[in-house]
Amino acid sequence: MITLGLSLVASVLWGLSDFLGGVAARRTRVLRTTAVSYVGATAVLLLAALVVPGVWSDAALATGTVAGVATMVGFLTFYAAFAAGSMGVVSAEVAVLQSVVPIAVAVSVGGERLAFVGWVGVGLAVLAGVLLGLGGGEGGRVSSTALTFGAVSGVAFGVAVVSLDAAPSTAGVLPATVETVVGLVLLGALLLAVRRSGHAARAASVLDGGGAPAGGRATGLALWSGVVLGLANALLLLALQRGALAVVAVVIALYPIGTTVLARVVLHERLHARQLIGIGLALVACTLLALS
């Protein structure tokens, strides 16, 4: 129950972080929003590393580094997939893969076993992720480029979760701290490369989505998005240290629920039938996982 609770809270916080970051990205450039968000996340996790007991080790550093690189690859290919094709289809693809990859590793390598009711919950959670990703948009034709970028993104996010799960239980939140520091460094290098590149305009169109110049409110929203993301990542790591990788992975992948509900309440966006069904399935899935 503790693992499920930590995973649920982390999932809700991820959804809140995505919502704040999404609103900020509408007012400024995506790449800049992501960079500011990472600054906030890094600050929170550095503070958490001072509060939560943890032992530095080569394994903690290695797993955090792999997770940081994988997460950054996931973000960049996610944006590239959005630029190349249907957002709904890409989101659903990413949601499935970022759940399936940890589940496959947990079963084939970790030897994890769940009761039948637990696996039913896992299946419903994956289906809920697909429905939440598809939303009410039209599937339409999707280019092979978008599907390829989406596949790389989903696998990369899944690898990041697997890597954090492999961190030593004595490491506390240190691997998550390393993850965000690595991501921040990579983002800084990418920003410099984009500015110096002769193809900066083309790169910006893919990574930044043509957003408006930065404003104080957008920067503040991006920073808060990072603060919440840092808290979510810390709770994710604590959940992974206490429970089954398969369960944590599917619960975490339900974070679009938080984003969807906030968009409905704050921005008055319409909830489509697929999303409502997805939310219902997610609630049933969490109940089954709690009983397993």
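Brief remarks follow.
- Residue in segment 34-41 that is modelled with pLDDT under 85 and over 22 Å from Pro168 (Cα atoms) present: yes
- Looking across segment 153-179, the residues that are buried (at least 24 other Cβ atoms within 10 Å of the Cβ) and either of a type in the set (D, E, K, R) or outside any helix (DSSP H, G or I) (or both) come down to Asp165, Ala167, Val173, Glu179.
- For segment 150-177, a residue qualifies if it is over 12 Å from Thr71 (Cα atoms) and of a type in the set (Val, Ile, Thr), and the qualifying residues are Thr170, Val173, Thr177.
- Cβ pairs under 6 Å, 6+ apart, first in segment 265-289 and in contact (Cβ under 8 Å) with a residue 40 or more places away in the chain, second of a type in the set (Ser, Thr, Tyr): Gln275/Thr260
- Within this structure, Leu229 fails the test of being touching a helix residue (DSSP H, G or I) at 6+ places or on another chain (Cβ under 9 Å), assigned to a loop (DSSP other than H, G, I, E, B), among the aliphatic types (A, V, I, L, M) and crowded, with 24+ Cβ neighbours inside 10 Å.
- Selection within segment 32-72 - among the small types (Gly, Ala, Ser), more than 16 Å from the chain's Cα centre (by Cα) and in a helix (DSSP H, G or I): Ala43, Ala48, Ala49, Ala59, Ala60, Ala62
- Scan of segment 250-292 for residues that are small (Gly, Ala, Ser) and more than 15 Å from Val130 (Cβ to Cβ), ordered by number: Gly258, Ala263, Ala290, Ser292
- Close pairs (7 angstrom Cβ cut-off, 6 or more residues apart or separate chains): in contact (Cβ under 8 Å) with a residue 24 or more places away in the chain in segment 223-244, among the acidic types (Asp, Glu) and surrounded by fewer than 24 Cβ atoms within 10 Å (Cβ to Cβ) anywhere: Ala244/Glu112
- For first residues located in segment 34-60 and over 30 Å from Ala218 (Cβ atoms), partners that are of a type in the set (Val, Ile, Thr) and lie 6+ apart or on another chain with Cβ distances below 6 Å form the pairs Val52/Val173; Val55/Thr170.
- Count - residues of segment 1-24 that are among the aliphatic types (A, V, I, L, M) and over 16 Å from the mean Cα position of the chain (by Cα): 5
- Residues satisfying the stated conditions in segment 143-166, i.e. farther than 17 Å from Ala232 by Cα and touching a Ser or Thr at 6+ places or on another chain (Cβ under 6 Å): Phe149, Val152, Ser153, Ala166
- Being among the β-branched types (Val, Ile, Thr) and free of Cβ contacts under 8 Å to residues at least 24 places away in the same chain is not true of Val73.
- Any chance Thr42 is more than 26 Å from Leu190 (Cβ to Cβ) and hydroxyl-bearing (Ser, Thr, Tyr): no
- Test: residue in segment 53-63 that is at pLDDT below 90 and closer than 19 Å to Pro168 by Cα: yes
- Qualifying residue in segment 211-226 (condition: among the aliphatic types (A, V, I, L, M) and touching a Phe, Trp or Tyr at 6+ places or on another chain (Cβ under 7 Å)): no
The values are calculated or read from the model by the stated rules, or taken from the named source; none is laboratory data. Quick caveat: nothing in here was measured; it's all calculated off a predicted structure. Glycine gets a Cβ as well: all are built from the backbone with ideal geometry, and neighbour counts include every protein chain shown.
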